[in-house]
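Everything below concerns the one structure shown next.
We did not get these values from a lab; they are worked out from the coordinates using the rules stated. Just so you know, these numbers come straight off a predicted model, no measurement behind them. FYI the Cβ positions are ideal-geometry reconstructions off the backbone, even for glycines, and counts take in every protein chain you see.
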Amino acid sequence: MNASHPQTIDVALGTRSYPVWIGRGLLGDAARWRAALRGRHALIVSNTTVAPLYLDKVAQGLDGVRWSSFLIDDGEAHKTFANVGRALEALAALGATRDACVIALGGGVVGDLAGFSAACWMRGIDFIQMPTTLLAMVDSSVGGKTGVNLPAGKNLVGAFHQPRAVVADIDTLDTLPAREYRTGLAEVVKGAAIGDPAFFAWLEAHAGALAAREDAALVEAIARKVRYKAGVVARDETEQGERALLNLGHTFGHALETAGHYTTLLHGEGVAVGMVLAAQLSERLGMSAAADTQRLLRLLDALGLPTAVPAGYDPQQLLELMRLDKKNTAGTLRLILWRGIGQAEIVGGVDEAQVLAVLRAATGG
Ligand code: NAD
Ligand code: GLY
C-alpha cells in the first residue's frame, strides 16, 4: 500500500458523495486531492502542533492556488466560536469566493472547527478533511458533523456539512503520541461493537499488530471502521435514528470525562470504559451474555485501553451527569446498549436503579 494504491471508501450521499483515501504519502499526492478543489482560493486550518509538521507538505500541492493558513492553539479549549470568527476573517482577507475551499489539517478539534467555518462562509463552501489523528481518521472526519463548544457544553453549536474528500495519510500517525493513538483504537472497537461482529473478531485476531502500529493491520482497521460508519451515515445522515448508535458508551463516557474535569480520561478512554459499563448494564438487564462483556474487556485490554472506572468517582454524581445527556427524553434515561457483540440498540426509559447498581459496582461505592 502506498500513495498510488490507497484504500478508497466512498461515502454514498448522491451528488454529495465523497471519497475517503487511506494510505501512506497521501498529503504529498496533490494530483489526487487537488481534484476535490474546485476554485482558486484555499484556507488551510490547522493548529500550532500539527502545522509545523505537515503544513508545508500540503502547501506544496497548492501551486496556482491563492492560499493562506489559520492556526489555532492546541486543545479542545480552542474549539470556539471566537476561532470560527477568526477563520472567517481569514477567508475574507484571502478574498475567498463561493468556490473557495477550507482544508482541515489536524485532529478532530481542527476538523470540527474548520468544517463549521466552511459551513458558515457564504452559507457553505467546500472543505477537505486531512485528518492527522487516528480518531479523526476513523470517526470525526467522516460523516459531516461539524461544530464548536460553548462554555455551557461540548459541541452545542454546529452544522451537518459534508467534506468533498477525506485524505487520511497514515504517515502522519508516526508522530502521534501513543495515548492519542490508543484513543483512536477505542473508536475503532466501538464501530465493531455496535454493528460488525466479523470486524470485532478480526480486531481480536489483530490486536497485537494494531497495538504495534503495523501498517497493513492499521490501514485495514481504518478502512473497515470508515466503511461501517459510511454505511450508517449514508442511511441516516442527520441522525434521525440509526446514527445515534454510534454513541455506544458515550453517555457513561461523557459523565466520566466531566466528573474528571476532562483531565483524567481522554475522550476515547472515557468511551472505552463507557462501553464496558454499557455492556455490564445490558448484561444486568438480561439483554446480553457475560461472555460478550468479557470479550469486549479482553479486546480493549489487549489494545492498552482502560476498562475500569479510575479511583475516586462518585456513582451518584455520575448518574446525575448522565441525566444531562442530549439523548435523554422527557426526564428518562435513553442509552445505547447492546444484545451482544455487533448488536447495539437504543433503549429508552432505562431504570436508574439498575444504572446506579452498575456504577456502584464499577466504583466500589
Ligand atoms: P485533537 O484534535 O485535540 O488531537 C489530539 C492531540 O494530538 C492534539 O494535541 C493535537 O495537536 C495532536 N496531534 C494531532 N495530529 C498529530 C500528529 N499527526 N502528530 C502529533 N500530534 C498530533 O483530538 P482528536 O482526538 O483528534 O479529536 C477530538 C475532537 O473530535 C473533539 O473535539 C470531539 O468533539 C471531536 N469529534 C468529532 C466527531 C464528529 O463526528 N465530528 C466525532 C468524534 C469526535
Ligand atoms: N461520532 C458520531 C457521529 O458521527 O455521528
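Looking at residue 288 and the list (1) in contact with a strand residue (DSSP E or B) (Cβ under 9 Å, 6 or more places away or on another chain); (2) within 15 Å of residue 357 (Cα to Cα); (3) not hydrophobic (A, V, I, L, M, F, W, C), which single condition is not satisfied?
Here residue 288 meets the rest and fails (2).
How many of the residues making up the range 232-248 are of a type outside the set (Asp, Glu), more than 12 Å from ligand 1 (Cβ to nearest atom) and more than 20 Å from residue 18 (Cα to Cα)?
Adding up the residues that qualify gives 5.
Of all residues in the range 1-42, how many are without any contact (Cβ under 8 Å) to a residue 60 or more places away in the chain and either part of a strand (DSSP E or B) or in contact with a Cys (Cβ under 8 Å, 6 or more places away or on another chain) (or both)?
Residues meeting the conditions: 1.
In this structure, is residue 229 within 15 Å of ligand 1 (Cβ to nearest atom), touching a Leu at 6+ places or on another chain (Cβ under 9 Å) and part of a helix (DSSP H, G or I)?
The answer is yes for residue 229.
Only one of 98, 38, 32 is of a type outside the set (S, T, N, Q), in contact with a strand residue (DSSP E or B) (Cβ under 7 Å, 6 or more places away or on another chain) and surrounded by fewer than 16 Cβ atoms within 10 Å (Cβ to Cβ); which?
The match here is 38.
Quick one: in the range 170-211, of everything that is in a loop (DSSP other than H, G, I, E, B) and away from ligand 2 (no atom under 16 Å from the Cβ), which residue is surrounded by the most Cβ atoms within 10 Å (Cβ to Cβ)?
The qualifying residue surrounded by the most Cβ atoms within 10 Å (Cβ to Cβ) is 176.
So the check is Cβ under 8 Å with 6+ separation or different chains; which pairs have a first residue in the range 289-313 that's at positive phi and crowded, with 19+ Cβ neighbours inside 10 Å and a second one that's in a loop (DSSP other than H, G, I, E, B) and not small (Gly, Ala, Ser)?
none
How many residues are more than 11 Å from ligand 2 (Cβ to nearest atom) and not acidic (Asp, Glu) when one looks only at the range 231-271?
23
When you scan the range 164-191, how many residues do you find that are of a type outside the set (Gly, Ala, Ser), within 19 Å of residue 20 (Cα to Cα) and out of contact with any Gly (no Cβ under 8 Å at 6 or more places or on another chain)?
Count: 6.
Residue 283 passes all but one of (1) of a type in the set (D, E, K, R); (2) part of a helix (DSSP H, G or I); (3) free of Cβ contacts under 8 Å to residues at least 24 places away in the same chain; (4) within 16 Å of ligand 1 (Cβ to nearest atom); which number fails?
All conditions are met except number (4).
Can you tell me which residue is farthest from residue 360 (Cα to Cα) among those in the range 286-335 that are part of a strand (DSSP E or B) and out of contact with any helix residue (DSSP H, G or I) (no Cβ under 7 Å at 6 or more places or on another chain)?
329
On the given criteria, is residue 167 more than 12 Å from ligand 1 (Cβ to nearest atom), assigned to a helix (DSSP H, G or I) and either out of contact with any Pro (no Cβ under 9 Å at 6 or more places or on another chain) or more than 17 Å from residue 271 (Cβ to Cβ) (or both)?
No.
Within the range 127-148, how many residues are outside any helix (DSSP H, G or I) and within 15 Å of ligand 2 (Cβ to nearest atom)?
Of the residues in that region, 10 qualify.
Out of the range 212-226, which residues are closer than 14 Å to residue 174 by Cβ and part of a helix (DSSP H, G or I)?
Across the range 212-226, the qualifying residues are 215, 218, 219.
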